[in-house]
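So the structure is just underneath, and the comments pick up after that.
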Amino acid sequence: MSTTKLDLKRSALLIVDLQNDFLHEKGAYARGGANLPGAAALIASMKSVVDAMRAAGGWIVSTQFTLVPGRDGEPLISPHLQQLRPFLRKGDFQPGSWGHGLIDELAPADFVIEKVAYSAFYMTRLEFVLRKVGIDTLLISGIITNGGVASTLRDAHVRDFHAMLLTDGCAAFSREAHEASIASLGTVAPKLTCAEAATLIRGA
């Protein structure tokens, strides 16, 4: 851990896509047989950080992958996602639905940001919200390490946010993809474990 000080008034825990439809046994991905390896360990690690941030009065921001329903209620799905996850159907990741929400173990968040692509900054109000409340430092976690997490972290970097990556607060569908992404993102952001992050928050 290379970061030794945290200003909680200017910092937020950013949770990328830890939603029921991704992680819960009754969610869309479990229904489709696309279970995330290590999900239980990920949630347990993240709960310590969330609890520490909440107790310290810091900000918690959750981004929610969203399938926008069309006029007939069928989701607007990009072709690559439709091919990759053909089991996605009407009601999955729909705004306001149970599946769309942050998992119970980590809820609630101070801000919830709907997102439609990998990066939580792409065509969302995330940057607007962060700037308005004076946040310039992000502890980034979530799924998928080589997808939403990597894209969001890189976008945060080019927007001059100080981003830190929680190495065991992220997960991918393969250990190899996760580790490769963690290694490559180390050139962009400091890395720390969830235990180190919780200690950093409590000491702020």
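Read-outs throughout are calculated quantities, based only on the coordinates presented, and are distinct from any laboratory measurement. All of these numbers come straight from a predicted model, not from anything done at the bench. No Cβ is skipped: glycine too gets one built from the backbone with ideal geometry, and neighbour counts run over all protein chains shown.
Values computed for the structure shown
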quantity	calculated
For Rg/Rh (Cα atoms, Kirkwood Rh), calculated from these coordinates, the label among (i) 0.95; (ii) 0.97; (iii) 1.10	(i)
Once exposed loop GluC sites (Glu not before Pro) are cut out (DSSP; at most 16 other Cβ, 10 Å), longest piece of the chain	106-204
Per-selection Rg to Rh, region 137-204 - Cα, Kirkwood hydrodynamic radius	0.96
Test item: Cα-centred dipole of region 60-204, Lys/Arg +1 and Asp/Glu -1 on Cβ, debye	240
Förster radius 25 Å - calculated FRET efficiency between Asn35 and Thr199, Cβ distance, rounded to 0.05	0.20
Whole-Hz ³J(HN,Hα) from phi, Karplus 6.51 cos²θ - 1.76 cosθ + 1.60, for region 114-127, glycine and proline x	6, 9, 10, 9, 4, 6, 6, 8, 6, 6, 10, 9, 4, 4
Efficiency of FRET from Cβ geometry, Val116 and Val158, R₀ 25 Å, rounded to 0.05	0.80
Sites excluded, trypsin sites (Lys or Arg not before Pro) in DSSP loops with at most 11 other C-beta within 10 Å, longest stretch of the chain	72-204
Net charge, Tyr122 excluded, C-beta distance under 14 Å - Lys, Arg +1, Asp, Glu -1	0
Loop sites in region 49-158: chymotrypsin sites (Phe, Trp or Tyr not before Pro), DSSP, at most 12 other Cβ within 10 Å	Phe87
Extended-chain gain in nm, criterion 0.36 nm per residue less alpha-carbon gap, Lys26 and Glu74	15.3 nm
Formal net charge of residues neighbouring Ala44 (Cβ-Cβ distance under 15 Å; K, R +1; D, E -1)	-3
Charge tally in the Cβ shell below 15 Å around Asp17, where Lys, Arg are +1 and Asp, Glu are -1, Asp17 excluded	-3
Among Leu8, Gly91, Phe173 the positive-end extreme of the charge dipole of the chain (Cβ point charges)	Leu8
Taking the chain and dividing mean pair separation by its residue count, relative contact order in percent (alpha carbons under 8 Å, at least six apart)	29
Extension gain, Arg85 back to Leu8 (0.36 nm per residue minus Cα-Cα distance, nm)	23.9 nm
Built amide H within the under 5 Å cut-off of Gly142, gap 5+	Val16, Cys170, Ala171
